[in-house]
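Note sheet for the following structure.
The values are calculated or read from the model by the stated rules, or taken from the named source; none is laboratory data. Computed from a predicted structure; not experimentally measured. Cβ coordinates were reconstructed from backbone atoms using ideal geometry, including for glycine residues, and neighbour counts include every protein chain displayed. Surface areas here come from the heavy atoms of the whole protein model, side chains and all, with no ligands, DNA or RNA. Shrake-Rupley method; radii C 1.70, N 1.55, O 1.52, S 1.80 Å.
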Amino acid sequence: MIIDVHGHYTTEPEPLHRFRSAQLRGEAPSAAALNGQVSDEEIRESVEEHQIRVLRERGGDLMLFSPRASGMAHHEPDAGIANAWAQASNDMVHRVSQLFPAHFAPVAQLPQTPEGNLEGVLAELKRTVEGLGFVGANLNPDPSGTWAGVPLTDPSWFPIYEAAEDLGVPLMVHVSTACNPNFHTLGAHYLNADTSVFMQLLPSDLFTRFPGLKLVIPHGGGAVPYHWGRYRGLAMRHGWQDPSELLRNVFFDTAVYHQPGYDLLVDLIPASNVLFASEMLGAVRGADPETGVEWDDTLAYLRSSQRSQADWDAITHGNALRVYPRLAVRLAGSS
């Protein structure tokens with residue numbers, strides 16, 4: 001089985017967009033009522049010729065599926081709006097996973113705000129995992145969209161980590177829209193976040209406090225693999241833990257869109273810490289004119305990287321089942 005741990009619902013039915021527009025106009029649409037406005041047929045049509053078709057064409061089997069990352073919009077300050085938006089978005093993802101359980105496993109959007117909205121975040125995490133069978137959640141390290149908040153190692157985040165440990169779900173560290181025009185959302189903000197979070201973790205004792213916490217850093221870890229020597233050197237200079245110590249709890253996905261970058265990732269990071277991912281359908285679409293390979297066809301890059309069979313098995317499914325234990329239970333129950 002080939003499991004893609006990083007997919008977003010970027011082909012949502014139009015009523016979900018209308019729901020969001022109504023929210024931003026100051027109205028209070030009902031997340032529960034939205035479900036009745038979207039038919040199962042609309043849900044099917046939204047993914048069958050998009051994510052499912054591409055999965056099949058490339059040879060993939062199952063995708064961990066979460067709401068559109070740039071649409072999470074955690075910079076909006078109203079907690080009530082954030083709670084309803086996360087519920088509506090997660091309910092749509094849940095319906096996709098119910099209609100196509102062989103192809104999708106749901107991952108939650110959390111209703112974060114610049115002020116945190118801790119009560120809402122914990123409630124939605126519990127609702128989606130315990131009530132709807134979600135296997136993980138996305139955690140935005142920068143809800144403000146401007147890096148105005150505190151690092152992920154600050155104690156204000158600890159209740160979320162405690163809940164994730166208790167529920168047995170990993171957290172993918174994934175920002176939403178950038179609110180600073182200096183940082184392009186897809187080309188800079190996402191990759192800056194991946195890199196910055198790893199640096200936040202390096203001098204911390206976070207995983208001593210939360211040894212069962214698992215964090216997935218997407219997009220190949222941003223600049224982390226490319227600058228591994230810098231992190232090792234900084235750690236030695238300041239007396240911090242070696243970056244390899246983080247690999248007990250930190251994992252990287254393979255949403256890297258060219259062969260040399262992909263090779264660097266899988267050559268440097270142990271296979272036990274690499275999770276196959278494409279972020280399809282996401283930031284980059286179309287094909288590289290030099291190779292004819294679609295930018296986000298990361299399975300093609302994995303095949304070309306000539307991993308051993310053991311590494312192939314770990315990257316394509318073994319690690320996902322270990323890092324996402326609720327996914328393993330979900331798949332065992334469906335077999």
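Scan segment 112-137 for residues that are touching a Phe, Trp or Tyr at 6+ places or on another chain (Cβ under 7 Å) and either in contact (Cβ under 8 Å) with a residue 40 or more places away in the chain or over 26 Å from Leu321 (Cβ atoms) (or both) and the total you get is 2.
Go through segment 199-225 residue by residue and tally those that are among the aromatic types (Phe, Trp, Tyr) and within 22 Å of Ala108 (Cα to Cα). So the count comes out to 1. Tallying residues that are open to solvent by 10 Å² or more (accessible area, probe 1.4 Å) and of a type outside the set (A, V, I, L, M) within segment 82-107 yields 10.
Yes or no: segment 207-226 includes at least one residue that is crowded, with 18+ Cβ neighbours inside 10 Å, over 27 Å from Arg68 (Cβ atoms) and aliphatic (A, V, I, L, M). Checked against the condition, which is being crowded, with 18+ Cβ neighbours inside 10 Å, over 27 Å from Arg68 (Cβ atoms) and aliphatic (A, V, I, L, M), segment 207-226 yields no hits at all. Go through segment 227-313 and tell me which helices (runs of 4 or more DSSP H), entirely inside it, have 1 or more residues that are open to solvent by less than 60 Å² (accessible area, probe 1.4 Å) and closer than 21 Å to Met172 by Cβ. Ranges flagged: 228-238, 259-268, 298-304.
Okay, residues lined up against (1) at pLDDT 95 or above; (2) open to solvent by less than 20 Å² (accessible area, probe 1.4 Å); (3) in a helix (DSSP H, G or I):
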site	(1), (2), (3)
Glu124	yes, yes, yes
Glu130	yes, no, yes
Ala193	yes, yes, yes
Pro203	yes, no, no
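Of the residues making up segment 52-81, those that are open to solvent by less than 20 Å² (accessible area, probe 1.4 Å), under 24 Å from Ala300 (Cα atoms) and not hydrophobic (A, V, I, L, M, F, W, C) are Gly60, Ser66. Please tell me if Phe198 is crowded, with 19+ Cβ neighbours inside 10 Å, touching a Lys or Arg at 6+ places or on another chain (Cβ under 9 Å) and aromatic (Phe, Trp, Tyr). Here the answer is no, as Phe198 does not meet what is asked.
Among the residues of segment 152-170, those identified as buried (at least 20 other Cβ atoms within 10 Å of the Cβ) and either part of a strand (DSSP E or B) or among the aliphatic types (A, V, I, L, M) (or both) are Leu152, Ile160, Ala164, Val169. Can you spot a residue in segment 171-181 that is at pLDDT 95 or above, crowded, with 22+ Cβ neighbours inside 10 Å, under 20 Å from Val224 (Cβ atoms) and touching a Ser or Thr at 6+ places or on another chain (Cβ under 7 Å)? Yes, segment 171-181 contains at least one residue that is at pLDDT 95 or above, crowded, with 22+ Cβ neighbours inside 10 Å, under 20 Å from Val224 (Cβ atoms) and touching a Ser or Thr at 6+ places or on another chain (Cβ under 7 Å). Condition (residue is polar (S, T, N, Q), more than 30 Å from Val329 (Cα to Cα) and part of a helix (DSSP H, G or I)) applied to segment 176-190: is it met by at least one residue? The answer is yes, given that some residue of segment 176-190 is polar (S, T, N, Q), more than 30 Å from Val329 (Cα to Cα) and part of a helix (DSSP H, G or I).
On the given criteria, is Ala188 open to solvent by less than 50 Å² (accessible area, probe 1.4 Å), free of Cβ contacts under 8 Å to residues at least 12 places away in the same chain and under 18 Å from the mean Cα position of the chain (by Cα)? Criteria met by Ala188.
Can we say Asp205 is in contact with a Lys or Arg (Cβ under 8 Å, 6 or more places away or on another chain) and either over 30 Å from Gly282 (Cα atoms) or in contact (Cβ under 8 Å) with a residue 60 or more places away in the chain (or both)? Against the criterion (in contact with a Lys or Arg (Cβ under 8 Å, 6 or more places away or on another chain) and either over 30 Å from Gly282 (Cα atoms) or in contact (Cβ under 8 Å) with a residue 60 or more places away in the chain (or both)), Asp205 does not qualify.
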